[in-house]
Amino acid sequence: LVHSRTRNPQEMVKRADVLIAAIGKPNFVPGEWLKEGVSIVDVGTNKVDDPHSPNGYTYVGDVDLQGAMGVARAITKVPGGVGPMTITSLLMNTLKAAQRQMQAPA
């Protein structure tokens, strides 16, 4: 577990077989920090200026995608990587709560 007060986070990240990045800083984790073959779940969704985008901005993750491409075995895309799973989990939990409420004595 690496957090904002971890000393030498790059050393911890370099040992990870699975990296879940949720720091909220665009491209915070460079490719040099990554272990060969790591699997990455990039939860970060950071809006950054992009003059080449029609909107003038784009979204990037907490992990530098270009740096990770040659190192990681797999990486979730940003945007659209973990969002569908978040929505699915929310809907499943809502359904379970409704089912429990219907079974509860009045």
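Dipole of the chain, Cα-centred, from +1 at each Lys and Arg C-beta and -1 at each Asp and Glu C-beta, to the nearest 20 debye?
440 debye
Counting only other residues whose beta carbon sits under 13 Å from that of Leu19, what net charge do I get with K and R as +1, D and E as -1?
Result for the neighbourhood of Leu19: -1.
Keeping every protein chain in place, order His3, His52 by accessible area at 1.4 Å, biggest value first, i.e. largest first.
His52, His3
Mind checking the chain for GluC sites (Glu not before Pro) that DSSP puts in a loop (not H, G, I, E or B) and that have at most 10 other Cβ atoms within 10 Å?
Values: sites: Glu11, Glu32, Glu36; in loops: Glu36.
Here the sparse-neighbourhood loop sites are Glu36.
State the number of lysine pairs found in the chain whose Cα atoms come within less than 19 Å, restricting to pairs 8 or more positions apart or on distinct chains.
Values: Lys14/Lys25; Lys14/Lys35; Lys25/Lys47; Lys25/Lys77; Lys35/Lys77; Lys47/Lys77.
Counting lysine pairs in the chain gives 6.
Largest first and to the nearest Å, give the Cα extent of the chain along each principal axis.
Extents along the principal axes: 58, 39, 28 Å.
If I stretch the segment between Ala16 and Thr58 completely, what's the gain in nm (0.36 nm per residue apart, minus their alpha carbon distance), one decimal?
12.3 nm
Note down the accessible area of Asp50, probe 1.4 Å, to the nearest 10 Å².
For Asp50, solvent-accessible area is about 40 Å².
Between Arg7 and Thr88, what FRET efficiency comes out of the Förster formula 1/(1 + (r/R0)^6) with R0 = 25 Å and r the beta carbon distance, rounded to 0.05?
The value I calculate is 0.10.
Tell me, what % of the accessible area of the chain is carbon and sulfur with a 1.4 angstrom probe?
That fraction is 56 percent.
Just the accessible area per residue of the chain, please: how many Å² with a 1.4 Å probe? Walk me through the numbers on the way to the answer.
Working: 7900 Å² over 106 residues.
Heavy-atom accessible area per residue stands at 75 Å².
Each residue of the range 72-83 in turn: what ³J(HN,Hα) in whole Hz from Karplus with 6.51, -1.76, 1.60 and θ = phi - 60°, glycine and Pro shown as x?
Once θ is set to phi - 60°, the couplings for the range 72-83 become 6, 6, 8, 8, 6, 7, 10, x, x, x, 8, x Hz.
The values are calculated or read from the model by the stated rules, or taken from the named source; none is laboratory data. Note that the structure is a prediction, hence the values are computed from the model and not measured. Note that each Cβ is placed from the backbone with ideal geometry, even for glycine, and that neighbours are counted across all protein chains shown. With ligands, DNA and RNA removed, areas are computed over all heavy atoms of the protein, side chains included. Shrake-Rupley method; radii C 1.70, N 1.55, O 1.52, S 1.80 Å.
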